[in-house]
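The next block holds one structure in the form of C-alpha cells; read it before the comments.
Laboratory data are not the source of any read-out in this text; all were calculated from the coordinates shown. These numbers come from a predicted model, not from an experiment. For neighbour counting, all protein chains shown are included, and Cβ atoms are generated from backbone atoms with ideal geometry for every residue, glycine included.
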Amino acid sequence: MFTVTRQRFEELVADALDSLPPDLGAQMDNVAVLVEDRAEGPALFGLYQGIPLTSRGPSSYRWVMPDRITLYQDTICSVCSSEAEVVAQVRKTIIHEVAHHFGISDPRLEELGWA
C-alpha cells in the first residue's frame, strides 16, 4: 500500500481530468468529481452516479442534481506500491467513470481494456 495525502490525491485527480482530450472534457456536462476514503459495500476504485449523456433529453433532464464521479482514495492506494502506480490507477479510474458519463457500459469498457 502506498499512501498520499488527500491534497496530493486530489491533485492527481485534477491532473487525470486535465489529461482527457479537450474535446471530450468540453462535452462533460453537469458532473462533479469527488474524493472519498472508501465505498460502502464492495471495494470500488470509483463510482459514477447520474444520468449518462446518452439518456438525457431536453424535456427529461431539467432541474437535476449534478452527476457524481467519486474516486475512493484508500481503495486505490491499497493496490499501489508507488506514486506512479497511484497516478496510473487514478487516470484509469477517471477514464472508466467518465466513460460511464458518456453512456459506455462496463462490458464495453472491458473490451476496450478500461475495466
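Note on LEU20 and LEU112: their simple-model spin labels are 1.1 nm apart, each label 7 Å out from Cα toward Cβ. Helical content alone sets the calculated 222 nm signal of the chain at -13000 deg cm²/dmol, taking -39,500 (n - 2.57) per DSSP H segment of four or more residues and averaging over every residue. Computed over every Cα-Cα pair of region 6-112 and binned at 10 Å starting from 0, the pair-distance distribution P(r) comes out as 14, 46, 33, 7, 1 percent. Compared with the dominant principal axis of the Cα atoms in the chain, helix 83-101 is inclined by about 10°. Between 0 and 90 degrees, the angle of helix 6-18 with respect to the longest Cα principal axis of the chain falls at about 50 degrees.
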